[in-house]
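Q: I am attaching a structure below and will ask some questions about it afterwards.
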Amino acid sequence: MKIAVCVKQVPDATVHKRLDPSTHRLDRSGEGALNATDVNAVEEALRLKEAQGGEVVVVSLGPEKAIDSLRKALAMGADRAVLVADEGAAGSDLVATSRVLAKALEREEADLVLFGQQSSDGDGAVLWASVADRLRRPMVSQVAELTIEGEGLTGKRQTEFGYDVIAAPLPAVVAVSDAINEPRYPSLKGIMGAKSKPQQIVALGDLGVEAGTVGAAGSRTVVRGVAPPPAKSDQVRIEDDGNAADKIVEYLAEKRLV
Amino acid sequence: MAGTLVYLETHGGELTKGGVGLLAKAAELGGDVAGAVLGSGVRDAAASAGAFGASTVYVVDDEALSAPLPQPRVDALEAVVRESGADNVLFPASVLAADVAAGLAARLDAGLNWDLTDLRFEGDELVGVRPALGDTVLVDVGWTSTPRLALVRSGTFDPVESGGTAEVKEVAATFQDFSTLARLVDHLQEESSGPAIEEADVIVAGGRGLGGPEGFSICEELAAALGGAVAATRAVVDAGWYPYSAQVGQTGKTVSPKLYIALGISGAIQHKVGMQGSGTIVAINKDPNAPIFDFADVGVVGDLTQIAPKLTELLRARQ
Amino acid sequence: MSGVRPADYPPPFTSAEVLAAPTDAPDERIDVGILIVGGGPGGLACAVRLGQLLEEHPDVRERLGDVPVAVLEKGKQPGSHLLSGAVMNPRAIRRLFAGRIPIEQMPTYGPVHGEAVYLLTKGAALRIPPPPTMMNHGNWIVSVSELGRFFAEEAEAGGAMILPETAGQKLLVEHGRVVGVRTGDKGRGKDGEPLSNFEPGVDVTARITVLAEGTAGHLTTAASDRFGLHGTNPQIWALGVKEVWKVARPLKRIVHTLGWPLRKRARYGEFGGSWIYPMGDEHVSLGFVVGLEYADVELSAHDLLQEFKTHRLVRKLLHGGERVAWGAKTITEGGLNSVPSLLNAPGLMLVGESAGLVNVPRLKGVHYAIESGRLAAEAAFAALARGEVAGRPGALDSYDEALRASYVWKELGEVRNMRQAFDKGFFLGGALASAMTVTKGKLPPKELRTHPNAEARLIRTGRAAAYPAPDGTLTFDKLSSVFASGNRTRDDQPSHIRVETRVPRDLAEMWQWMCPAHVYEVGDADGDGTVQVLVNPSNCVQCGAISAKGGRLTPPEGGSGPEYTLT
C-alpha cells in the first residue's frame, strides 16, 4: 500500500514575532517545526506500513527550508519527501493550496492520503476536505481509530453527538486527530539516516500548475489588517470576609454567566 | 451585498443553536437572508428557520443525506448556492460543517475564512474577524470574489426569535460518484452522564488544595448546580484522587469553556496551557501568592471548603 | 545559632548514573569520528574548525568514517538552551571565520556605540566611570541563541552532523579512557517505566569526545571526578535571569549597574549586578546576575530582576514596551584557579564553560568558548592526522599547551583573584579589584580561595518583603515567565532533578526562592523539624542553580526545557 502524508511546517509555537532584521542580519523568519498533529498522521502511516508493507511519502507545500521539518518525518521512518517550493505558490489560501497539493498528490497515486487534523498556526485547518473534493476521493475526518482491510478503510471519529464509524473504499483521504496514536521518537540512527533519504523539491511547473491559479493571485481571501483584542476587563480580587460566595454570584450574574 | 445563505444543521429533528444564532447575525448584516437545510426528513425543521429571521429556506431532502457525512452535502449545497445566487454563505462551525465548507470552497473555487468571531460590512466588502496567535491578536480577513464562504466559531451569536415565516423551496441535487462512497456504519452515543469537559460551557476544576479525593464532592456539587463538568489537575490525577479522563493541561485535555472555576489550583504552567482559552476564570485558593491569581478574572483568597459549598447553595437558590 | 548548610543534604546521586562502559552490542553502536557534546559557541566552533581542517585534508576525513563530526544538543534545536547578555569580544569569531565570513554578515546587533555604568541606590543612580575591565569599545552585541543557530548552520555546511533533542546521559569510559557518550532514553513514564513509544538511548562511540556542555555540565562534572581534573579552587556559580523587551524608544548605549537591589555587607554574600543592552532599535536585553554564594533563604534572582526593573532608571527605558522573552542560566564564576587542572583526559577534551573559561570582571566568556573550541579542534585534528590513538594519555596535551599560550589564559590570569575579593563585601572588594587591575594580577601576592556555593550557611532577613508584586506589565511572576521561555516539557517523564526531599524548612524555602522557574515547593512538615520538598521538574529551564546549591541537575529527555530564540 502506498500512503501519502500531507504535512506542514509551522512556526515553532514558542517563536515570538521575529525581530526586524536590521542591516547585515541573517533572515531567520523560516524557523519552524513539523505541525504536531501531522506527526500523528506520519505515525499512523508508519504503523500501517509496518503491518501491511508499502511506502510512505510525505508531501508538503512551503518554502525550501521546510525540508528541515520534513526530515523529521524521514527520521521517524517515512521513505521519501516531496516538497513543493515555489515563489509562485507563496501566499496561497485554502483554494490555492488545495489546488497545488492535489496536483502533487495526483502524481503520487497513493492508496491513502493522510492529514493531521489540527494545525497549530491556524492555517489549513480544513484542507483535507478541499483536497478530497479536487481528487474526487471519499474522505473521513477527525479519525481517532483507523483500520484498513482489503480494499477499504474504517474510521471512528468523534463528533459533537458521540462517535461515528465510517467506512470507505480506497483510495481515500483521511484526516486523523491527535487521539489516534502516540507518535514514536525518531531513533538516533533514524535521524542520522534521514539526510540521505530521497528528498525532492519540485516547482509548480513540474506539477503542471499554471502560475496565477495559485499563490496570492489564485487566492480568494485576503488579510486586511491586524488589531489587538479588546483589553480584558480588570481582574477582580476578593479577600474572603464571609461574603465571597455572594460576590462571586454577583459577578457571574453581571457577566450573564449564571 | 446581495443575499446571505446560512447553512443550517439539524439534530434530533431540530435546527442546531449555532445555525439559528448565525441567522440573527445574517439579518443584522442586511440583505436577503436564506437558510439551507440538507438532510433526510428535514422539511419540518427547515420551516422553523423562518422564526429566526430567514425569509427563504432551501431544502434538499434526500436519502443520500441521511447520515452526517460532508461530501454529499457539498453536492447539495452547491446546488442551493447556484439556485439562490447568494453572495455570502455562512457556516456555524461543527465537525461536519467545516468539511462541508472546505469541500464547497474547492468545488466553487470560492474563498473560505474560518474560525471567525465576527462579521461586518465595510461598504460592499464583507470583513471577518479571526482571533490568532492564541487569541492575542484579531485579524481582519476579506474575500476577493463571491461567493464568500465564512465558518464562524460555534456559540458566537445568540438566536433572536423574529416570529416570521419562511418560504420553503425544495432543491434537487445530483450527487457526484465519489461523494457517496463513504458511509456511516455505526453510531455510538457518548456514555458519560454530564457533559464531556471539552464540550462543557462550565467547568469546575479541582487541585491539590481540595485536600483529598473526598474534596471532589465539593466540585461535583458546584458543577451540578451550574450544569457543568468536573475537571482536575495533573497533580491530583497522579495522586489518584480523580480519573485521568478529567485531566486538564498539557498531558490532559485542552478546554475553553465560558466559565472555568478553579478550586485549590495553584496554576502550574502545564495546567495553564490547557485552560487559558477559557472565557472567564474564577479561582479560589487560600494562598494569596498562587500563580493562578495572575491570570484569573476573579481571584478569591479564602478557604474553598467554606466558599464553594456556599456558592453551590446560592446558585441552587437562584434556579 | 548557625544556619543550615545545603551541602549537608547531598542529593541521591551516584556516579553510576553518569559513568558507564558501553553496553550496546558493537553493531548497534553509532560510531563517529569526533563527538561534541553541546551545541553552543564552544562546541560548534570546534565543529566548524574541524570541518575546515577536514575539508583541507580529505585523507584524514576518510579515516574518520561516515560521520567524521557529530554534535549532541539536548535542546529542541541549536540555540534553544543558549542564554547570555551578551556583549561579545569579536576576536575569536573573526579568527575562526577569517577569510570566509566577515562579522558584518553574522547575526549580531552591531558594535557597542557607547556605555555607562551606574551605581544604584533605591532612589538614585550615580553614573561612575567604567572600571577598566568593563570597557566595551570594539565589542559586539549578540544574542547567543541566534548566534548558536548561525554556528550550527555553518557547522552543518562544513559536514558536521547536528543531533538536536539528544541528551548526553552517560560518559562512556572503558579501560581508563573516554570512548563516547550514551544518549538519554526517550519515552519513559514518571516512574521510569517505558511508555508505548519508548526509544532507548544509544551508545555513540568516538575517537575523541569533546565536552562543551556550558555551565554546570552533567558529563563534565562526572569527568572531572573520574579523571581528577579539579582546579585548585572549588568551582562557583552565579545565577542570571534575563528578559528581552520590545521597547518604544531605542536604547543607544549599553548599561551596567552595580549596587541596589543587592546589599553591600559581606555577611549577605550578595555579589552581582545588571546589564541592559540594545538589540537593534526595537529590542533591549536586560538581566540581573547574583553570585550563588549568597546566604539569604529568600533571595530570588528572578524577583531581584523584577525589583530592579522598578528602578526609575530602568522603568523609564521599558515604558511603553513589552516583554517578549525570559530565561535563566547560571554562569561559571570561579575563574582561572577553578579551571580544571587539565583540560584533556584520554579520549576527552573540555572547552568553553565546561572548562571554566569565563572572565567574570569583564563579563565575557563567549569568545573564550569559541577560541577554546577552535584550539581543541586543531589539537584533535593534529592527533588524528598523525595517526595517534587519541585515548593514549597525553595524546591531546597540545590542546592544553595551546590554550595556556593563548590570550585566554593570560587574561584570566590577570583577574584570577578579583571575583573572590568580593567575598569581603562590595567596597573592600572593589578596592582590592582596583589594586589587581593596576598590577595586572600581581597583587595580592597570595591566591584567594573560593568556597563552594552549597557551603554558605543560610540566614533569614525578611528579604522577600522588598520584591514587588507582579503586575503583568512591568513585573512578572515566575510561572508566566517560564511560559515565556517556551518551555513545553512533557510533564509525565521521570524527574531529572536530584534533591534530598526531606530537609529543614530553611533549605526547602531557599530552593523555592532560588529557582527562577518555580520547580521547588515547600510541602508538609514531617513533625521532626523537616519538610517535604515537592518538585515540579517540567517547569525546569535547566539553569543549573540547583547543582550549585545542594542538588544535582541531570539532563531530562532530549528536547525538553526552554526554547530560547532571542536570549
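Just so you know, all these numbers are worked out from the coordinates, no wet-lab data involved. It should be emphasised that the depicted structure is a prediction, and the values quoted were computed from it without experimental measurement. Quick reminder, even Gly has a Cβ in these numbers, built from the backbone with ideal geometry, and neighbours come from all protein chains shown.
Q: For peptide A:165-171, how many partner chain Cβ atoms fall within 10 Å of a residue's Cβ, on average?
A: 5
Q: Kindly provide the helix-only [θ] at 222 nm of chain C, computed as the sum of -39,500 (n - 2.57) over DSSP H runs of four or more divided by all residues, to the nearest 500 deg cm²/dmol?
A: The helix-only estimate for chain C comes to -7000 deg cm²/dmol at 222 nm.
Q: If you don't mind, another one. Considering Cα pairs under 8 angstrom that are at least six residues apart, work out the relative contact order of region B:78-188 and quote it in whole percent.
A: About 30 percent, as a whole number.
Q: Using Cα atoms only, what is the angle between the long axis of helix B:70-84 and the major principal axis of chain B, expressed in degrees (0 to 90) to the nearest 10?
A: Approximately 50 degrees, to the nearest ten.
Q: Please get the size of the charge dipole for region B:1-78, origin at its Cα centre, with Cβ charges of +1 on Lys and Arg and -1 on Asp and Glu, quoted in debye to the nearest 20.
A: Dipole of region B:1-78, to the nearest 20 debye: 240 debye.
Q: I've got another one for you. If packing is taken as the mean number of other Cβ atoms within 10 Å per residue, what is the order of C:123-135, C:283-295, highest first?
A: Descending mean neighbour count gives C:283-295, C:123-135.
Q: I'd like the FRET efficiency for C:ALA465 and A:GLU160, computed as 1/(1 + (r/R0)^6) with the beta carbon distance as r and R0 of 60 Å, rounded to 0.05.
A: After rounding to 0.05, the efficiency reads 0.70.
Q: Sort C:LYS446, C:LYS264 by Cβ crowding within 10 Å, fewest neighbours at the top.
A: C:LYS446, C:LYS264
Q: Name the residue from B:GLN276, B:ALA290, B:THR305 whose Cα lies farthest towards the positive end of the charge dipole of region B:269-319, charges +1 on Cβ of Lys and Arg and -1 on Cβ of Asp and Glu.
A: The residue sitting most towards the positive pole is B:THR305.
Q: Report, as an integer, the average count of C-beta atoms from other chains found within 10 Å of each Cβ along A:91-99.
A: The shielding value for this peptide is 4.
Q: Seen from all sides and averaged, what is the projected area of the convex hull of the Cα atoms in region C:1-131, in nm²?
A: Projected over every direction and averaged, the Cα hull of region C:1-131 covers 16.5 nm².
Q: Express as a percent, rounded to the nearest 5, the fraction of DSSP beta bridges in the protein assembly as shown (both residues included) that run antiparallel.
A: Here the antiparallel bridges make up roughly 50 percent for the protein assembly as shown.
Q: Can you compute the FRET efficiency between C:LEU443 and C:ARG315 using 1/(1 + (r/R0)^6), with r the Cβ-Cβ distance and R0 = 41 Å? Round to the nearest 0.05.
A: 0.55
Q: First check a/c for the protein assembly as shown, with a ≥ b ≥ c the square roots of the eigenvalues of its C-alpha gyration tensor; if it is under 1.5, answer rounded, and if not, answer prolate when a/b is larger than b/c or oblate otherwise.
A: prolate
Q: Name the helices (complete DSSP H segments) of chain C with a Cα length along the long axis of 15 Å or more and a Kyte-Doolittle mean of at least -0.5, or state none.
A: C:41-56, C:144-157, C:366-385, C:426-438
Q: Next question. If you average 1/r over all unlike Cα pairs in region C:484-536 and invert the result, what Kirkwood radius do you get in angstrom?
A: Evaluated over region C:484-536, this radius sits at 12.0 Å.
Q: So if R0 is 51 Å, what FRET efficiency would A:ASP246 and B:VAL273 give, r being the distance between their Cβ atoms, rounded to the nearest 0.05?
A: After rounding to 0.05, the efficiency reads 0.95.
Q: Summing -39500 (n - 2.57) over the DSSP H runs of n ≥ 4 in chain A and dividing by its residue number, what mean residue ellipticity at 222 nm do you reach, to the nearest 500 deg cm²/dmol?
A: Theoretical 222 nm ellipticity from helices: -8500 deg cm²/dmol.
Q: How large is the convex hull of the C-alpha atoms of region C:146-211 per residue, in Å³?
A: Given the Cα convex hull of region C:146-211, per-residue volume reads 131 Å³.
Q: Along the Cα→Cβ direction, 7 angstrom out, place labels at C:THR121 and B:GLU313. What is the inter-label distance in nm?
A: The answer from the label model is 5.7 nm.
Q: Could you tell me what percent of the DSSP beta bridges with both partners in chain C are antiparallel, to the nearest 5?
A: 70
Q: Distance cut-off 28 Å, Cα to Cα: go down the list A:LYS195/C:LYS364; A:LYS8/A:LYS195; A:LYS103/B:LYS253; B:LYS258/C:LYS74; B:LYS253/C:LYS170; A:LYS195/C:LYS74 and report the pairs above it.
A: Pairs exceeding 28 Å: A:LYS195/C:LYS364; A:LYS103/B:LYS253; B:LYS258/C:LYS74; B:LYS253/C:LYS170.
Q: Follow-up question, since we're still on this one. Could you name the aspartates and glutamates whose alpha carbon sits less than 14 Å from that of A:LYS197, not counting residues in the same chain fewer than 8 places away?
A: Within the straight-line cut-off, A:LYS197 pairs with A:GLU55, A:ASP68, A:ASP79.
Q: Let me ask something else. Kirkwood Rh over Cα pairs of region B:198-286 into Stokes-Einstein at 4 °C, 1.567 mPa s: D in µm²/s?
A: Taking Rh from Cα pairs, D becomes 106 µm²/s.
Q: Before anything else, pin down the relative contact order of chain B: Cα pairs under 8 Å, at least 6 apart, normalised by residue count, whole percent.
A: 14
Q: Further, regarding this structure: If I build a Gaussian network model for chain A, linking alpha-carbon pairs within less than 10 angstrom, which residue out of A:ARG80, A:ARG136, A:ARG107 has the largest mean-square fluctuation?
A: A:ARG107
Q: Specify which residue in the list A:PRO198, A:PRO183, A:LEU74 is farthest towards the positive end of the charge dipole of chain A, using unit charges on the beta carbon of Lys, Arg (+1) and Asp, Glu (-1), about the Cα centre.
A: Of A:PRO198, A:PRO183, A:LEU74, it is A:PRO198.
Q: If you place +1 on the Cβ of every Lys and Arg and -1 on the Cβ of every Asp and Glu, how big does the dipole about the Cα centre of the protein assembly as shown come out, in debye to the nearest 20?
A: With Lys and Arg at +1 and Asp and Glu at -1, about 5380 debye.
Q: With chain A treated as a Gaussian network of Cα nodes joined by springs under 10 Å, which of A:ILE180, A:ILE201, A:ILE238 yields the largest mean-square fluctuation?
A: Per the Cα network of chain A with a 10 Å cutoff, A:ILE238 tops the list.
Q: Then there is this: Restricting the count to DSSP beta bridges whose residues both fall in chain B, what percent are antiparallel, rounded to a multiple of 5?
A: Of the beta bridges lying entirely in chain B, close to 20 percent run antiparallel.
Q: List the longest stretch of chain A that has no exposed loop site; here a site is one of the GluC sites (Glu not before Pro) assigned by DSSP to anything other than H, G, I, E or B, with at most 14 other Cβ within 10 Å.
A: It works out to A:1-108.
Q: Continuing with this model, one more query. Give the relative contact order (percent, whole number) for chain C; include only Cα pairs under 8 Å separated by 6+ residues.
A: 22
Q: List, largest first, the extents of the alpha carbons of region C:1-45 along their principal axes, each in whole Å.
A: Taking the Cα atoms of region C:1-45, the three principal extents are 59, 31, 9 Å.
Q: Write down the Å³ per residue value for the convex hull defined by the alpha carbon atoms of region B:149-267.
A: So the per-residue Cα hull volume is 214 Å³.
Q: With chain A treated as a Gaussian network of Cα nodes joined by springs under 10 Å, which of A:ALA102, A:ALA90, A:ALA51 yields the largest mean-square fluctuation?
A: A:ALA51
Q: In addition: Counting partner chain Cβ atoms within 10 Å of every residue's Cβ in A:190-200, what's the average?
A: 2
Q: I want to check the label-to-label distance for A:ALA36 and B:ASP303. Put each point 7 Å from Cα in the C-beta direction and report it in nm to one decimal.
A: Calculated label separation equals 3.9 nm.
Q: Of B:ALA235, B:PRO257, B:LEU116, which is farthest on the positive side of the dipole of chain B, counting Cα position, with +1 on Lys and Arg Cβ, -1 on Asp and Glu Cβ, and the Cα centre as origin?
A: Positive-most Cα among the choices belongs to B:ALA235.
Q: Could you give the size of the charge dipole of region B:27-126 about its Cα centre, using +1 on the Cβ of each K and R and -1 on the Cβ of each D and E, expressed in debye and rounded to the nearest 20?
A: The dipole magnitude comes to about 240 debye.
Q: Provide the net charge surrounding A:LYS156, with neighbours chosen by a C-beta distance below 11 Å and charges set as Lys +1, Arg +1, Asp -1, Glu -1.
A: -2
Q: Before rounding to the nearest 500, sum -39500 (n - 2.57) across all DSSP H runs of length at least 4 in chain B and divide by the residue total; then give [θ] at 222 nm in deg cm²/dmol.
A: Calculated from helices alone, the mean residue ellipticity at 222 nm is -8000 deg cm²/dmol.
Q: Could you state the angle between the C-alpha long axis of helix B:95-108 and the longest principal axis of the C-alpha atoms of chain B, as a value from 0 to 90 degrees rounded to the nearest 10?
A: Around 30 degrees separate the two axes.
Q: Let me ask something additional. Could you give the nm distance between label points at A:ARG256 and C:ARG249, where each point is 7 Å from its Cα heading toward the beta carbon?
A: If labels sit at A:ARG256 and C:ARG249, their model points lie 4.4 nm apart.
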